[in-house]
1. Within segment 150-181, track down each residue that is surrounded by fewer than 15 Cβ atoms within 10 Å (Cβ to Cβ) and of a type outside the set (A, V, I, L, M, F, W, C).
2. Could you tell me whether residue 222 is farther than 27 Å from residue 235 by Cα and either among the acidic types (Asp, Glu) or in contact (Cβ under 8 Å) with a residue 60 or more places away in the chain (or both)?
3. Name the single residue that is surrounded by the most Cβ atoms within 10 Å (Cβ to Cβ) among those in segment 193-205 being over 19 Å from the mean Cα position of the chain (by Cα) and part of a helix (DSSP H, G or I).
4. Checking residue 203 against (1) touching a strand residue (DSSP E or B) at 6+ places or on another chain (Cβ under 7 Å); (2) closer than 25 Å to residue 88 by Cβ: exactly one of these is not met. Which one?
5. How many of the residues in segment 127-142 are of a type in the set (Ser, Thr, Tyr) and surrounded by fewer than 18 Cβ atoms within 10 Å (Cβ to Cβ)?
6. Can you find even one residue in segment 149-157 that is over 25 Å from residue 220 (Cβ atoms), without any contact (Cβ under 8 Å) to a residue 12 or more places away in the chain and in a helix (DSSP H, G or I)?
7. Could we say that residue 31 is at pLDDT 95 or above and either assigned to a helix (DSSP H, G or I) or touching a Pro at 6+ places or on another chain (Cβ under 9 Å) (or both) here?
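The values are calculated or read from the model by the stated rules, or taken from the named source; none is laboratory data. These numbers come from a predicted model, not from an experiment. Glycine also receives a Cβ, built like all others from the backbone with ideal geometry; neighbour counts cover every protein chain displayed.
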Amino acid sequence: MGILHVIAFAPLLLAAGAAAAGWLIIGRRVAVPMGLTRVLIVVATSAALVVMIGYWLVSSAPWLLPSPSIEVVTAMMDLRYLIPLVVGGAALIILAFPVRGSGSRSKGAELSRRTVLTFSRPWWFVTFGIVLLLTVAVAVAAGVASSPDEQGRYTLYVVEVGTAAASTTIYGWHYSVPCLILLAALVGVMTIDLALISRPAIAENRDEDVAVRRVRSLNVVRVGMGVVLLHLSAVLSSLAGTSTLSAGIGTGAGIAGEINVGTSFAALTPFLYWAGAVVGVIGLALWFSALLSTVPTPNSRRRVAIA
């Protein structure tokens, strides 16, 4: 049981450790000031982390439950793709507030037009776009490979061997279409968040206000990227399980004459398994990083530039 607990908690410890290391190295330059902004960031990220970590532990270590029934386990497995999207989406809605600048308004005229990119870095969105496109591509590929079950839902992957066939579940259209809709909504919420952060007039203490808005914008991207990565982690882990399906058919020559046929992507099983684990850790680390941005630091008022 000790090894099982280590396996269950290792990804969480790695994510927290990576976020802490990043904060110690480059994240202490600006801290969100005391007030409503800090409270909302703590509430949003902490709630998302608690729900996601709780779900992760129970789904990866069902022995932690007193006596899980097969119905409970099945329901949890069906929700694995949606949990990150719903929880992270709720956190992003909270991160849009407060819709105002920090401190009193500047007396000088602000002539430059502020957009969703004003307090952001282009590479944030390039990285997010690449991850999002990869997630959509995996969803489409899995959907195309799926087959309908008895209820007409595209949830099965079928391997046919002659007149025989074997099947298992896959991230088919039944699961991917709702997730793709939620991913599109996620992008919309992130865009609105960034617009609401950029729109208010610059405060009198311009440097501090700009720095805080940049941290808030970065947190929106962190949480949004974390959502996509945690969702992608669930998808890749599921596909790793699907890839292990094999079917055999006898040729009439005994055991030695049996022909075994696997999935077309069986060779990718180790890659899918480890890729799912790695992107999941990165996703959680990004959420931890957003939470750590609220930790006050001695230098946060003096150093306002963000790399």
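1. Listed by number, the residues that qualify are 150, 151, 152, 153, 160, 162, 163, 178.
2. Working: farther than 27 Å from residue 235 by Cα: no; either among the acidic types (Asp, Glu) or in contact (Cβ under 8 Å) with a residue 60 or more places away in the chain (or both): yes.
In short, no.
3. Here is the first cut: in segment 193-205, the ones over 19 Å from the mean Cα position of the chain (by Cα) are 195-205.
After this cut, where a residue has to be part of a helix (DSSP H, G or I) as well, the list is 195-198.
Working: 195: 15, 196: 18, 197: 29, 198: 18.
Looking at residues that are over 19 Å from the mean Cα position of the chain (by Cα) and part of a helix (DSSP H, G or I), I get 197.
4. (2)
5. 1
6. No, that holds for no residue.
7. no
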